[in-house]
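Report on the following structure.
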Amino acid sequence: MTLRLGDIAPDFQQDSSLGTIHFYDFLGEHWGILFSHPADYTPVCTTELGFTAKLKDEFEKRGVKAIALSVDDVESHHGWIKDINETQQTEVNFPIIADHDRKVSTLYDFIHPNASETSTVRSVVIIAPNKKVRLTLTYPASTGRNFNEILRVIDSLQLTDQHKVATPANWQHGDDVVIVPALKDEAEIAQRFPKGYTAVKPYLRFTAQPEIH
Ligand code: BEZ
């Protein structure tokens with residue numbers, strides 16, 4: 001099944017390094033980052049999961065729960081977690097789904113047979129508290145993902161859900177944002193953006209980033 005933006009993320013129950021996961025119960029009212037990796041005991045995946053563990057405080061600040069997945073079994077995950085902790089100087093603090101029967105991988109389209117018939121690709125799905133899919137991305141096995149970029153997207157999504165703005169190229173939290181083109185009423189703009197705005201073009205209007213609540 002191909003998951004598209006705005007679709008409802010499928011619920012599931014599956015084994016994990018922290019016991020059986022009931023996905024929606026696990027997420028509760030949080031944002032979710034579900035991400036797949038090709039295999040345990042591989043170098044790039046080791047760095048990715050180590051880095052994700054180090055982002056614990058950043059995820060917590062944003063109300064995000066991370067959960068990893070591969071088709072390896074629970075025993076493999078337990079052994080590998082020890083290696084991640086040792087080599088990346090961290091403590092894996094999120095579950096790794098053991099998708100031995102590919103149930104979740106099938107629901108989320110994590111196996112791309114023309115890349116590999118047996119393992120999952122490097123995908124990420126960001127899920128909002130209402131369970132809607134807000135981002136999907138897929139990287140090749142040879143390229144580790146930038147998890148700071150995932151945080152940046154979460155910041156953008158949370159900001160733009162709350163304010164009539166969008167975030168320009170390479171935006172980082174605190175940078176100026178753009179006012180959405182649909183907002184044209186000057187009185188409303190003045191009320192929403194009291195610091196004013198700079199119009200480079202009528203459709204390209206920069207303003208200071210509002211607070212994310
Ligand atoms: C890795 O995580 O290092 C990796 C996994 C599968 C293929 C290539 C690299």
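The values are calculated or read from the model by the stated rules, or taken from the named source; none is laboratory data. Note that the coordinates shown come from a computational prediction; the quantities given were computed from them, not determined experimentally. Neighbour counts are summed over all protein chains in view; Cβ atoms, including those assigned to glycine, are modelled from backbone coordinates with ideal geometry. Heavy atoms of the whole protein, side chains included, go into the accessibility calculation; ligands, DNA and RNA do not. Shrake-Rupley method; radii C 1.70, N 1.55, O 1.52, S 1.80 Å.
Somewhere in region 49-57, is a residue in the same structural domain as Asn130 (by TED's automatic domain parsing), closer than 13 Å to Thr120 by Cβ and part of a loop (DSSP other than H, G, I, E, B)?
no
Which residues, taken from region 154-196, are touching a Leu at 6+ places or on another chain (Cβ under 8 Å), charged (D, E, K, R) and closer than 18 Å to Arg134 by Cα?
Result: Lys164, single match.
Check region 30-37 and report whether any residue there is closer than 22 Å to His112 by Cβ, of a type outside the set (Phe, Trp, Tyr) and within 12 Å of the ligand (Cβ to nearest atom). Working first, answer last.
Of region 30-37, the ones closer than 22 Å to His112 by Cβ are 32-37.
In the following step, the residues that additionally are of a type outside the set (Phe, Trp, Tyr) were identified as 32-34, 36-37.
After this cut, where a residue has to be within 12 Å of the ligand (Cβ to nearest atom) as well, the list is 36-37.
Yes; the residues of region 30-37 include at least one that is closer than 22 Å to His112 by Cβ, of a type outside the set (Phe, Trp, Tyr) and within 12 Å of the ligand (Cβ to nearest atom).
For Tyr41, only one of the following conditions fails: (1) among the aromatic types (Phe, Trp, Tyr); (2) open to solvent by 30 Å² or more (accessible area, probe 1.4 Å); (3) part of a helix (DSSP H, G or I). What is its number?
(3) is the only condition that Tyr41 fails.
Looking at region 40-60, I want the residues that are within 12 Å of the ligand (Cβ to nearest atom) and have a partner that is among the charged types (D, E, K, R) and modelled with pLDDT of 95 or more with Cβ atoms under 8 Å, at least 6 apart or on another chain. Which pairs are those?
Asp40/Asp72; Tyr41/Asp83; Thr46/Asp83; Glu48/Arg122; Glu48/Arg145
Name the pairs: first residue in region 146-162 and closer than 15 Å to Ile33 by Cα, second residue part of a helix (DSSP H, G or I), Cβ to Cβ under 6 Å, at least 6 apart or on different chains?
Pairs that qualify, where the first residue is closer than 15 Å to Ile33 by Cα and the partner is part of a helix (DSSP H, G or I), are Phe147/Phe51; Phe147/Thr52; Leu151/Glu58.
So that you can scan it fast, the table gives a plain yes or no per residue for (1) out of contact with any His (no Cβ under 7 Å at 6 or more places or on another chain); (2) under 28 Å from Phe193 (Cα atoms); (3) small (Gly, Ala, Ser); (4) within 16 Å of the ligand (Cβ to nearest atom):
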{"residue": "Ala128", "(1), (2), (3), (4)": "yes, yes, yes, no"}
{"residue": "Lys132", "(1), (2), (3), (4)": "yes, no, no, no"}
{"residue": "Thr138", "(1), (2), (3), (4)": "yes, no, no, yes"}
{"residue": "Ile150", "(1), (2), (3), (4)": "yes, yes, no, no"}
{"residue": "Asp155", "(1), (2), (3), (4)": "no, yes, no, no"}
{"residue": "Leu159", "(1), (2), (3), (4)": "yes, yes, no, no"}
{"residue": "Gln162", "(1), (2), (3), (4)": "no, yes, no, no"}
{"residue": "Val165", "(1), (2), (3), (4)": "yes, yes, no, no"}
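If the Cβ limit is 7 Å and pairs must be 6+ apart or interchain, which residue in region 105-134 that is part of a loop (DSSP other than H, G, I, E, B) pairs with which residue that is among the basic types (Lys, Arg)?
Ile111/Arg102; Ala128/Arg134
Do we have any residue at all in region 61-75 that's in the same structural domain as Val133 (by TED's automatic domain parsing), within 16 Å of the ligand (Cβ to nearest atom), open to solvent by less than 70 Å² (accessible area, probe 1.4 Å) and of a type in the set (Val, Ile, Thr)?
There is at least one residue in region 61-75 that is in the same structural domain as Val133 (by TED's automatic domain parsing), within 16 Å of the ligand (Cβ to nearest atom), open to solvent by less than 70 Å² (accessible area, probe 1.4 Å) and of a type in the set (Val, Ile, Thr).
Any idea how many residues of region 197-213 are surrounded by 12 or more Cβ atoms within 10 Å (Cβ to Cβ) and not aliphatic (A, V, I, L, M)?
Selection size over region 197-213: 6.
Here is a list of conditions, (1) closer than 30 Å to Ile67 by Cα; (2) part of a helix (DSSP H, G or I), and Glu188 meets all of them except one; can you say which number that is?
Condition (1) is where Glu188 drops out.
Can you tell me which residue in region 106-164 is nearest to Gly28 (Cα to Cα), limited to those that are of a type in the set (Val, Ile, Thr) and open to solvent by less than 10 Å² (accessible area, probe 1.4 Å)?
Taking region 106-164 and keeping what is of a type in the set (Val, Ile, Thr), we get 106, 111, 118, 120-121, 124-127, 133, 136, 138, 143, 150, 153-154, 160.
Filter again for open to solvent by less than 10 Å² (accessible area, probe 1.4 Å), leaving 120, 124-127, 133, 150, 154.
Numbers: Thr120: 26, Val124: 19, Val125: 16, Ile126: 14, Ile127: 11, Val133: 15, Ile150: 20, Ile154: 17 Å.
Per the criteria, the residue is Ile127.
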